[in-house]
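Below is one structure, written out as structure tokens; the observations come after it.
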Amino acid sequence: MALNAMKFHISLNVSNLPRSLAFYRVLFGLEPAKCHDDYAKFELTEPPVVFSLVPQPSLTGGSLSRIGLRFGEPAAVAEIKARLEANGLTIQIPSGCCSATLRKCYVADPDLNLWEIASGEDDDSAAPAAPAAPSTSLRLLPVVAAAESVVWEHFVTAPPSERIPHGDGAVDEVRLTGSFNGSLDAGQVGALLREARRVLRLGGKVVVHGLCGDRPFANGQPQLPGLAAMVSRVPVHTEALDALCAAGFVGVHFVKFTEKPWFVIDGVELREVKLLALQPEITEAQRQVLYRGPFREAVDDAGRVYPRGQYVRVSAAVAAALHDGPAAEQFLFVKPDAAGCCGG
């Protein structure tokens, strides 16, 4: 193969293929060359790149710190910037970059992969000081994550939603991405959580993803660099947890709590945090679980007691929360058809 016929190939894991396709159609300004349920790719000619997308539903954030598109003229940067903004995407411009001769801007894709669109020589001096904050700019609501799954999402940059545009019990998952980092006050957050309770089906889940501190700031909220500038407020990590419990959700637990802080400002450590909670089920118990130990008993958020070595009847949602949670190894789970032979 001749050298000038070669193409660079990059494959990107994405958490939601339809949503990522919508983003990259706008960014590249073209349709994918191939599009399947489990794979899609774009064939770019300038630059010559094969860019493929592979769905990975368990993805929790962008694995790449930055991806770039570099052009010879600033006009190309301005053209892409205008196209992105026209489709409702939030653009970050480096400080000191004159808008009249824009040479560089940044945008995050739905999985927090940071894209740099630039012209001229390579210069990292104006790049964001850290990866994108745990938020995303794509505002496509509602998101349909799968053929039989309905997902509604609120983003840090979105205004408060007085009513989620779905009927009662019609949503499988509510995602609050950066909602605790925006300009919403406590009353608006409470109203948003009440709406989440209304629209979620029995056993549905709510996921809160954001940037939290290990303690309050003594001198007001910090000004963060790069795309993290979208964060206008950094709560203590227990605030979202307490709010979910107060709203009546069950099975609340941290699924992500980064060991190393993203920022340390005024002695406060800022970390990426993700919480998962469940809409309580009000149906009859359908499963049995046995607590192995090591303690004499365990108690969940609903006050349900699990004595060591005894079977306890719980709903399917509670059993799923235990099975998928950090305490899974401490329990035995009984199949529905075997429940009658366990006692309890």
Next on the checklist: Testing the spin-label approximation: label points 7 Å from Cα along Cα→Cβ at Tyr39 and Phe257. State their distance in nm.
Outcome noted: 4.0 nm
Checklist outcome for this item: Computed Rg/Rh for the range 201-265 (Cα atoms; Rh = Kirkwood radius) stands at 1.01
Next on the checklist: Regarding the range 158-308, what's the average projected area of the Cα-atom convex hull, expressed in nm²?
Outcome noted: 11.0 nm²
Item to check | the range 199-222 residues near the modelled Ala316 label - backbone nitrogen below 12 Å, point 7 Å along Cα→Cβ | outcome: 202-204
Checklist outcome for this item: Quick shape summary for the range 9-55, equivalent ellipsoid via Cα gyration tensor, semi-axes whole Å in descending order, reads 16, 11, 9
Item to check | Cα gyration tensor shape of the range 168-237, rounded if a/c is under 1.5, else prolate or oblate by comparing a/b with b/c | outcome: prolate
Item to check | Phi-based couplings in Hz for the range 175-183 (Karplus 6.51, -1.76, 1.60; Gly and Pro marked x) | outcome: 10, 10, 9, x, 4, 7, 9, x, 8
Next on the checklist: Highest mean first, how do 247-253, 24-30, 200-206 rank when packing is the count of other Cβ atoms within 10 Å averaged over residues?
Outcome noted: 200-206, 247-253, 24-30
Item to check | Charge dipole magnitude, Cβ of K and R +1, D and E -1 - the range 258-331, Cα centre, debye nearest 20 | outcome: 340 debye
Item to check | Where labels lie 7 Å past Cα in the beta-carbon direction, separation of Gln221 and Glu79 in nm | outcome: 3.8 nm
Item to check | Computed lengthening from Arg308 to His166, 0.36 nm per intervening residue step minus Cα-Cα distance | outcome: 47.0 nm
Next on the checklist: If I model a spin label at Ile10 and Thr238 as a point 7 Å from the Cα along the Cα→Cβ vector, what separation in nanometres do I get?
Outcome noted: 4.2 nm
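Here, each number is a calculation from the coordinates, and none is a lab measurement. From a predicted model like this one, the values you see are computed outputs, not experimental measurements. Cβ sites come from the backbone with ideal geometry, for glycine too, and all protein chains shown count toward neighbours.
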